[in-house]
Amino acid sequence: MASRSSANFFDLASGDILDIPQTPRALPRMMTVPGIISDGCRSNDGDSDSMSSACHERKIIVANMLPLHAQRDTTAEKWCFSLDEDSLLLQLKDGFSPETEVIYVGSLKVDVEPSEQEEVTQRLLEEFKCVPTFVPCEIQEMFYHGFCKQQLWPLFHYMLPMCPDHADRFDRQLWQAYVSANKIFADKVMEVVNPEDDYIWVQDYHLMVLPTFLRKRYHRVKLGFFLHSPFPSSEIYRTLPVRDEILKGLLNCDLIGFHTFDYARHFLSCCSRMLGLDYESKRGHIGLDYFGRTVYIKILPVGIHMGRLESVLNLSSTFAKAKEVQEQFKGKKVILGVDDMDIFKGISLKLLAFEHLLQHQEDLPGKLVLVQIVNPARSSGKDVQEAKRETYLTAERINQIYGTSNYEPVILIDRPVARYEKTAYYAVAECCIVNAVRDGMNLVPYKYIVCRQGSPGMDEAMGTKADSPRTSMLVVSEFIGCSPSLSGAIRVNPWDIEAVAEALNVAITMSNSEKELRHEKHYRYVSSHDVAYWACSFMQDLERACQDHYSKRCWGIGLGLGFRVIALSPSFRKLSVDHIVSSYRRTQRRAIFLDYDGTVVPQSSMVKAPSAEVISLLNALSNEPKNTLYIVSGRGRTSLCEWLAPCERLGIAAEHGYFIRDCKTSEWDHLDSDLEWKEIAEPVMQLYTEATDGSFIESKESALVWHHYDADPDFGSCQAKELLDHLESVLANEPAVVKRGQHIVEVKPQGVTKGLVAAKVLSMMVESAKPPDFVMCIGDDRSDEDMFESILSTISSPSVTAAPDIFACTVGQKPSKAKYYLDDTADVLKLLGGLANASNPKPIDTAQVQLAFGSVI
């Protein structure tokens, strides 16, 4: 890890590394604390030294490849490096303040001999602020060309390995190479990061487990991730054998970014179905609660670099090429396609739609040209070769049928095409079609729109009047990331050949006034939501997501890729048996409240009756004259009476306190409440039960509970929301409340809570001149939080003259109103055993209790 002073070393690196027009899109500073506007000069903790106070911001961008070109000078026998000015990693710098220092961590596109790596590392850091990872060749091959390109990439684009010829099956060795490569990247980040001040932004699917390594080393690291590819639906993603490891890796970030809501929705669905995590919207931001940490979700498509594109648009070579293309297709309408050669870009489907258009519009042959620019394939394989072969055969057939000696309907440009040449084609084309069957984002439509806006130089070259209206038409697949942001485009299903052909016909025959309106709308969006806006917005959200890092205590749990950090209140700590026994022994009037399920009986146990050892503990504590002990449960009184019958002096509060009795011989007391609302609520619940497979109704004396634990997670959750709204509507004028819990919707009388039980018992003790000097309350779920809160408010009332020792304790390490926690039910029984031994001169064997408890599990 670099020390704080290491940042001074980075100051020696050159200043501006992107010498092209910048297009900063300054977002307003976010209000990080109510009433306080962040000025970027805040420090994270009291230990920050002059480095932090100097307002020196630094961002570390981690990606598979560095934004560099590398070439070997064989004469001088040394490497020559230059910036890749088209790289998104360089362009996103425009979204940061000029004072921000940006460090890049990633691999080079060439192999460097081990003997030269140290020298190259020094040069790249000093000249370009880049840190190369130098992944060994054999790992790089299996990591990138193996796991990334042959397994993750197809899966994320909805391609399953149904047979060996269709896609590569999962290979554990390739996965291990992926993990090893991610570990190498993480080690390089650790060499340069100042974890208290720097923000780390990880890019794309190549590095999805890297966050786990960083979070394990630095619990409070400020970490963001952006996925540039699609994220598949849960039905596709769940087929991946290492699905949990990747999800947990991403959840070790503070902020996860996606291009579209669909991609984010699929990710959230996977977290729900596979990890049991729920999400909620917090003041407009989607957040997942993950062991006390909130992992935020960002939805914003990346943009283009306006300055870079406009600079190419104004080159003299672009003007000349545009004039040449315009002359070449004089009298014809040009439809343009620009795609990589791979199986997901839908080039052959596009050609089939164009063929269908020529076939059914007899006046178009000779007047319409499709220019298809084919970018080099990013990966090799038989799938790519088959796609290329099909593309050529289809284009050849169309040209043979509809072409003439001076007319070729399909122009395939399958060679490296310079930027200026592509820009010229964009400027000339009347329509641009992107027909991919699946693509993460695709910026071709954005580039086309900007080029059609033109410039004074381009207008002169093409003979266009400066004040003439601008037009453009887009036909885009509904399966690409940019589609939702282009509301004026004609959206198509690329698999529907006839519909795509019809869309092309509509695009080329649309009135100019309509084209103008659509173009104006698109240009306004593209020019304002550029790459600088995207980067600035993401980084501001990352800063907001990390602002409470130092307000909680953090510690790590889990092994390997299952590692995660638990973040809890600084005052939240594990309840020590010795500590509570000490207080127990010196006090005389004790009130003890215990939840049942998940507290004295494990939640996962199929046997809900307490073991003999649990009965023994409850008897030992309830028979102590100084103790007032209650089991407070949501269960019905019949079950509790049966199970706890041996406990003569045990108090029971059933159905969250609707029924309560002091001991076995006393009568049940219950709240006076009108329960006629059950006749209204039950038929409604029955409707949802019939419509939701796996759900059922639990009928209690005072309440009705609709359970959907065994239903489909997404459908059950959706139905629960609908049922909640439905019941609240029909019961609006009834003395009942509707609450939603974990996999349940419950209707119960107004004012019935576990907190009411605690308040009632404590008040009775105070009124009988026996105010408690010891209060212990243990529970594991949301309903028990009412008890924790009620105890604190009751004890703080003026009628209580001396404050008792209070031990509010939740089961499990999670956010709670309780001050203490115990890990599980075994810990609870161990603690109760300690108290029982302090009450009973005959020791109770807590080891035996734990052993028997384990047999119940």
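Things worth noting here:
- In the range 74-87, residue nearest to Asp198 (Cα to Cα) [restricted to those that are without any contact (Cβ under 8 Å) to a residue 40 or more places away in the chain and open to solvent by 50 Å² or more (accessible area, probe 1.4 Å)]: Ser82
- Residue satisfying all of: in the range 88-105; more than 21 Å from Asn182 (Cβ to Cβ) and assigned to a helix (DSSP H, G or I); most open to solvent (accessible area, probe 1.4 Å) among these: Lys93
- Residue check, Arg553 over 30 Å from Leu621 (Cα atoms) and modelled with pLDDT of 95 or more: no
- Meets criteria (more than 13 Å from Ala591 (Cα to Cα), surrounded by fewer than 23 Cβ atoms within 10 Å (Cβ to Cβ), in contact with a Lys or Arg (Cβ under 8 Å, 6 or more places away or on another chain) and not basic (Lys, Arg)) for Glu767: no
- Positions within the range 676-704 being surrounded by fewer than 19 Cβ atoms within 10 Å (Cβ to Cβ) and touching a helix residue (DSSP H, G or I) at 6+ places or on another chain (Cβ under 9 Å), in sequence order: Ile680, Val684, Leu687, Ala691, Asp693, Gly694, Phe696, Ile697, Ser699, Glu701
- Residues in the range 786-804 that are over 14 Å from Ala591 (Cα atoms), surrounded by fewer than 21 Cβ atoms within 10 Å (Cβ to Cβ) and within 38 Å of the chain's Cα centre (by Cα): Glu789, Ser793.
- Residue list for the range 344-369, restricted to those being among the β-branched types (Val, Ile, Thr), surrounded by fewer than 22 Cβ atoms within 10 Å (Cβ to Cβ) and in contact with a helix residue (DSSP H, G or I) (Cβ under 6 Å, 6 or more places away or on another chain): none
- In the range 653-662, the count of residues that are over 39 Å from the mean Cα position of the chain (by Cα) and part of a loop (DSSP other than H, G, I, E, B) is one or more.
- All positions within the range 725-738 that are closer than 30 Å to Ala591 by Cβ and crowded, with 16+ Cβ neighbours inside 10 Å: Ala736, Val737
- Whichever residue in the range 503-529 is among the hydrophobic types (A, V, I, L, M, F, W, C) and within 13 Å of Cys431 (Cβ to Cβ) and, among such residues, is nearest to the chain's Cα centre (by Cα): Ala503
- Residue in the range 585-596 that is surrounded by 18 or more Cβ atoms within 10 Å (Cβ to Cβ), more than 20 Å from Gln813 (Cβ to Cβ), among the aliphatic types (A, V, I, L, M) and at pLDDT 90 or above present: yes
- When Asp693 is tested against (1) part of a strand (DSSP E or B); (2) within 37 Å of the chain's Cα centre (by Cα), only condition (1) is not met.
Here is a yes/no grid of residues against (1) crowded, with 20+ Cβ neighbours inside 10 Å; (2) over 26 Å from the mean Cα position of the chain (by Cα); (3) aliphatic (A, V, I, L, M):
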| site | (1), (2), (3) |
| --- | --- |
| Ser107 | yes, no, no |
| Glu113 | no, yes, no |
| Glu127 | no, yes, no |
| Gln150 | yes, no, no |
| Trp153 | no, no, no |
| Arg172 | no, no, no |
| Trp175 | yes, no, no |
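- Ser472 fulfils the conditions (1) of a type outside the set (Lys, Arg); (2) open to solvent by 10 Å² or more (accessible area, probe 1.4 Å); (3) part of a loop (DSSP other than H, G, I, E, B) except for a single criterion, (2).
- When the test is whether a residue is closer than 20 Å to Ser611 by Cβ and modelled with pLDDT of 85 or more, Leu831 passes it.
- Qualifying residue in the range 812-830 (condition: polar (S, T, N, Q) and buried (at least 20 other Cβ atoms within 10 Å of the Cβ)): yes
- Filtered residue count, the range 597-618, keeping only those that are over 20 Å from Val811 (Cα atoms) and free of Cβ contacts under 8 Å to residues at least 24 places away in the same chain: 0
- Complete set of residues in the range 310-333 that are under 47 Å from the mean Cα position of the chain (by Cα), surrounded by fewer than 19 Cβ atoms within 10 Å (Cβ to Cβ), polar (S, T, N, Q) and not in a loop (DSSP other than H, G, I, E, B): Ser311, Ser316, Ser317, Gln326
- First in the range 395-416 and touching a residue at least 40 places away in the same chain (Cβ under 8 Å) and in a strand (DSSP E or B), second anywhere and surrounded by 15 or more Cβ atoms within 10 Å (Cβ to Cβ) and among the small types (Gly, Ala, Ser), Cβ under 8 Å, 6 or more apart: Tyr407/Gly366; Val410/Ala395; Leu412/Ala395
The values are calculated or read from the model by the stated rules, or taken from the named source; none is laboratory data. Note that the structure is a prediction, hence the values are computed from the model and not measured. FYI the Cβ positions are ideal-geometry reconstructions off the backbone, even for glycines, and counts take in every protein chain you see. Only protein heavy atoms, including side chains, enter the accessible area calculation; ligands, DNA and RNA are left aside. Shrake-Rupley method; radii C 1.70, N 1.55, O 1.52, S 1.80 Å.
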